[in-house]
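Quick note: the coordinates plus some simple rules give every number you see, no bench work behind them. Given the structure is predicted, the values throughout are model-derived calculations rather than measurements. Here the Cβ positions follow ideal geometry from the backbone for every residue, glycine too, while neighbour counts run over all protein chains shown.
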Amino acid sequence: MKIIVAIKQVPDRDAQVRIAANGKWIDESDLEWAMNEPDAHALEEALQLKEQHGGEVVVVSAGPERVAATLREALAKGADRGIHIVCDDLGAHDALGVARLLAAAIQPENPDLVLTGLQSEDLGLGQTGVILAELLHLPHATLILHIEKTDAGLTVKHELEEGWFQAIAMPLPALITMQSGGNKLRYATLMGIKRAKSKELRTMSAAELAENIAPVLTLERIFAPKKQKKTQILSGSAKEAAAALFEKLKSEARVL
C-alpha cells in the first residue's frame with residue numbers, strides 16, 4: 001500500500017510570534033520551525049500502517065528551502081521518500097491554491113491512501129485536506145483518530161462530540177484528515193537520522209506544477225486580540241448567584 005502524507009512546516013509552538021511591519025503576516029526573521037502537530041500524527045498513522053501491512057510512505061510538503069529540514073525529519077522517522085514543492089511565497093496562496101499544488105504533486109504517484117492533518121497550527125483553516133480530496137476525486141473522512149486496514153478497504157475512528165466516536169467503513173483509495181492525539185508520536189532515532197541522508201528527497205518548483213494560481217481568498221490583516229476587563233456583580237442569595245454563575249460559565253464563557 002502506497003501512502004502519501006502531506007505535511008506543513010509551521011512556527012514552533014513555543015516561538016515568540018510577532019506581527020510583521022506590514023500587518024499582513026508574522027515576522028519570520030528569527031522564528032524556530034517545526035512539523036505541524038496534526039500532520040505529525042498523520043505521519044505516525046501512516047508509519048504504523050506500513051509496519052502492519054507493508055508498502056511505502058511518501059511525504060510531501062510545500063514551502064521555501066527551510067521546509068527540507070522538516071521533510072528530512074519525516075524521513076528519519078521512517079518515511080521512504082520525500083517530495084519538496086519549492087514555493088517561496090506559500091503564504092500568498094489560499095487553501096485552494098495550496099491544495100492544487102499538493103494535488104499536482106500527488107496525482108502522478110497514484111497512491112492508495114492520502115493522509116493530512118486536520119488543520120495547521122498557524123492558520124487553522126481545516127480546509128486544505130478536504131479540498132485536496134475533491135481535486136484528487138477521492139472519498140474522504142475528517143476528524144479521524146485511528147485507521148484499520150480491512151479486506152474491503154478501511155475502517156476509521158471518527159471523533160464526534162462529548163466523548164462519542166463513530167466507526168466508518170471506507171473504500172480505497174481514499175483521503176483522511178487526522179486529528180491530534182489518536183496515536184503516540186515517535187522520535188527519530190540516530191540510525192533513522194543517518195538513513196534519512198541517503199533517502200530520496202525530490203524537489204519540484206511550484207511554477208512547474210500549477211501556473212497562475214490566483215487566490216480566491218486573501219489575508220488582509222492580522223492583529224492581536226484586544227484585552228478587555230469586565231466585572232459583573234451577581235445579585236441575590238448565594239444559591240441564586242451560584243446558579244447564575246453556572247449558567248454564565250456554561251452559555252457565555254463555554255467552559256462547562
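Remarks
- Counting beta carbons within 10 Å around each of Thr116, Thr231 and listing the fewest first gives the order Thr231, Thr116.
- Where Rh is the Kirkwood radius over Cα pairs, Rg/Rh for the stretch 1-138: 0.96
- Sorting Leu102, Leu245 from the fewest to the most surrounding beta carbons within 10 angstrom yields Leu245, Leu102.
- Among beta bridges from DSSP that stay inside the stretch 64-185, the antiparallel ones total about 60%.
- Long-range Cα-Cα pairs in the chain (distance over 28 Å), rounded percent: 41
- Computed from Cα atoms, the angle from the helix 95-106 axis to the main principal axis of the chain rounds to 20 degrees.
- Qualifying aspartates and glutamates (Cα of each under 19 Å from Cα of Lys77; at least 8 residues distant if same chain): Asp12, Glu37, Asp39, Glu44, Glu45, Glu51, Glu56, Glu200
- Choice from Lys184, Lys149, Lys229 showing the highest fluctuation, given a GNM over the chain with Cα pairs closer than 10 Å: Lys229
- Evaluating 6.51 cos²θ - 1.76 cosθ + 1.60 at θ = phi - 60° for every residue in the stretch 134-149, the Karplus couplings come out as 5, 5, 8, 6, 10, x, 9, 9, 10, 6, 9, 9, 7, 10, 10, 7 Hz, glycine and proline recorded as x.
- Extension gain for Trp164-Glu109 works out to 16.2 nm (0.36 nm per residue, less the C-alpha to C-alpha distance).
- Over the chain, DSSP H runs of length four or greater, each weighted -39,500 (n - 2.57), average out per residue to a 222 nm ellipticity of -8500 deg cm²/dmol.
- Amide H contacts under 5 Å for Gly126, placed H, 5+ residues apart: Ser120
- Distance from the stretch 193-249 to the stretch 1-77 (C-alpha centre basis), Å: 17
- Proximal charge balance of Ala20 [Cβ under 10 Å; K/R count +1, D/E count -1]: 0
- Of all beta bridges that DSSP places with both ends in the chain, some 35 percent have antiparallel geometry.
- Between Ala95, Ala103, Ala224, the residue with the greatest mean-square fluctuation in the GNM of the chain (Cα pairs under 10 Å linked by springs) is Ala224.
- P(r) of the stretch 91-208 over all Cα-Cα pairs, binned every 5 Å from zero, in whole percent: 2, 10, 17, 18, 19, 18, 12, 4, 1, 0
- Taking label points 7 Å from Cα along the Cα-to-Cβ direction, Leu185 and Arg202 give a separation of 2.8 nm.
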